[in-house]
Amino acid sequence: MQDVPPICRSEFLRSLAGASGRAQEEGSHLGLLLIDITNLAQINHYHGYQTGDLVLKSTYDQLLSISKLPDSIYRMGDHRFAFILPELGNPAFIALAINKVSRVLEQALYVDSHLVSADVKVGVAVNREGKHDELSMLALAELSLALVKRGGGHRMQDFLGEQKDSDVTDHQLEQRFAQALQDNEFELYFQPKVNLRSGHVGSAEALLRWLPENSDPVSPEVVVGLADDAGKAYELTKWVVHSALRQAKPWCQGPDGGIALNLQASLVSNPDLPVLIKDALVIWGVEAERLTIEITESAIIEDKESGFNNLLKLKEMGINLSIDDFGTGYSSLSYFKHIPAAELKIDRSFVAKMLEDPQDLELVKIMITIAHQFSLKVVAEGVEDLETLRALMILDCDYAQGYYFSRPLPRQEFEAWVEQWPGLPEL
């Protein structure tokens, strides 16, 4: 058993507060690095937790060897470390520290004769002359790390300690997100999924909404990004799964009843995902075949092996899998042939223009034909007018969603809409 460094967030914040105070008294510059091992979950999954523990211990030991200062290196999360750099002679010197840390930690680690590559991302903040408190400094470093994890690079203001108003807004939003998750402030809206053969509506897609008090709504894409950046993707998904199954249980008992959930890309390969969903189904008494999990093509490609293994486990449980936004990712017949899906969702970008653009119409025809060849049901997204709906019915599409039927609605409004649904128009 490895002597894994404990998570010491409180101790870290005390040390950072002390260092910020000294920097303010002395008028010196203080640096902070946040080091994130982004693929630790995959290392644990493929090589075992003992190997993951070795990676954590090795990371901690190597950071200590770089720093050589007391009270400067802390483990502050499952796969995140903090490195406090006091008395920087020049704020830009922080770039040298980043290069050294990245160079040392990104070297492949040999563990028990296995080559294990740790994917390391580094966020940075510079507190010029101690002008910021420890929480503001941490927020700056977390924003920098979030940008790097999204595929961006370090910005000049990161090195120079020059803060922009937009950065403050981002920090505030991140802090509000964490509080909203803790206080259960999110909502689910439901958009009907219409069966184009029977005309019935018993199924819906659950869509996340965040409507902060005294503020503009925050888009689902931003919420998912905030969850990923904060390391809270699993917690947010757990809330969505349980909330959706709890609210949808009444209509899931009907003949066409069901609920569809979107699964963010970062969780498709998470080894804990099947257990999370299985437990939620048991707790809320919903049959597995009533649940559809929607995943994007890119989410599968991101970690093909472990992603496919997870999807197979979900399928074996009886859960339906849907390929979301089909046609916008890495569509290839070879991968499409093997994916354990039951449904394909044609992206709204094709559906919206299919009556105006002959190429889009042909693509929609081809997608429907291929999906049916592989015994998949087809859902058309973004249906906004009667003419498009009729064209999809003629093309033998199975289901449709869109504003022609209804925008996403809170649960009670959705249930009222279903009660008043008049059925499909005649062709």
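Computed from the coordinates by the stated procedures, all read-outs in this text should not be read as laboratory data. Please read these numbers as outputs of a predicted model, since none were measured by experiment. Positions of Cβ are generated from backbone atoms using ideal geometry, with glycine treated the same way; all protein chains shown enter the neighbour counts.
List every residue whose amide H lies under 5 Å from the amide H of H29, counting only residues 5 or more places away in sequence or on a different chain, with H placed 1.01 Å from N in the peptide plane.
The answer is E87, L88, E129.
Would you order V282, V104, V268, V218 from fewest to most other beta-carbon atoms within 10 Å of each residue's own beta-carbon?
V282, V104, V218, V268
Given a cut-off of under 8 Å on Cα pairs at least six residues apart, what relative contact order in percent is computed for the chain?
Averaging sequence separation for qualifying contacts and normalising by length gives 12 percent for the chain.
Sequence neighbours fewer than 8 away in the same chain don't count; with that in mind, list the lysines whose C-alpha is under 25 Å from K131.
By straight Cα distance, K131 reaches K164.
Within the set K232/K377; K232/K278; K193/K232; K232/K315; K193/K365; K193/K315, which residue pairs have Cα atoms separated by over 31 Å?
Flagged as over cut-off: K232/K377.
Pull up the DSSP beta bridges for the chain and report the antiparallel fraction as a percent, rounded to 5.
Around 60 percent of the beta bridges assigned by DSSP in the chain are antiparallel ones.
For a quick check: with amide H placed at 1.01 Å from N, whose amide H comes under 5 Å from L344's, ignoring anything fewer than 5 positions away on the same chain?
For L344, the qualifying residues are I323, K377, V378, V379.
Classify region 192-325 as rounded, prolate or oblate, taking a ≥ b ≥ c as the square roots of the eigenvalues of its Cα gyration tensor: rounded when a/c is under 1.5, otherwise prolate if a/b is larger than b/c and oblate if not.
Oblate shape, in that a/c is at least 1.5 and b/c is the bigger or equal ratio.
For V222 and Q50 in the same chain, what is the full-extension length gain: residue separation times 0.36 nm, less their Cα-Cα distance, in nm?
Full extension of this stretch gives 58.4 nm more.
When the chain is modelled as a GNM with alpha-carbon springs shorter than 10 Å, which of L30, L181, L311 fluctuates the most?
The residue with the greatest mean-square fluctuation here is L181.
Considering only C-alpha atoms, what is the centroid distance from region 61-97 to region 241-300, in Å?
41 Å
Near F190, within a Cβ-to-Cβ distance under 9 Å, what is the net charge of the other residues, with Lys and Arg +1 and Asp and Glu -1?
Here the charged neighbours net out to -2.
Net charge around V275, counting only other residues with Cβ within less than 12 Å of its Cβ (Lys, Arg = +1; Asp, Glu = -1)?
Net local charge, V275 excluded: +1.
According to a simple spin-label model (label point 7 Å from Cα along Cα-to-Cβ), what is the distance in nm between N309 and W421?
3.9 nm
Starting from the Kirkwood Rh over alpha-carbon pairs, what translational D in µm² s⁻¹ does region 175-420 have by Stokes-Einstein at 10 °C and 1.306 mPa s?
Answer, rounded: 86 µm²/s.
Among DSSP beta bridges whose residues both lie in region 1-101, state the antiparallel percentage, nearest 5.
So the antiparallel bridges in region 1-101 amount to around 90 percent.
Among C252, C8, which comes first, then next, by fewest other beta-carbon atoms within 10 Å?
The most exposed by this proxy come first: C8, C252.
Cross-link candidates for K68: which aspartates and glutamates have Cα within less than 15 Å, leaving aside residues fewer than 8 places away along the same chain?
Within reach: E87.
Can you tell me how much longer the chain between D133 and K68 gets when fully stretched, taken as 0.36 nm per residue apart minus their C-alpha distance, in nm with one decimal?
Here the answer is 21.0 nm.
According to the square roots a ≥ b ≥ c of the eigenvalues of the Cα gyration tensor, what is the shape class of region 356-427, taking rounded for a/c under 1.5, prolate for a/b larger than b/c otherwise, and oblate for the remainder?
Because a/c hits 1.5 or more and a/b exceeds b/c, region 356-427 counts as prolate.
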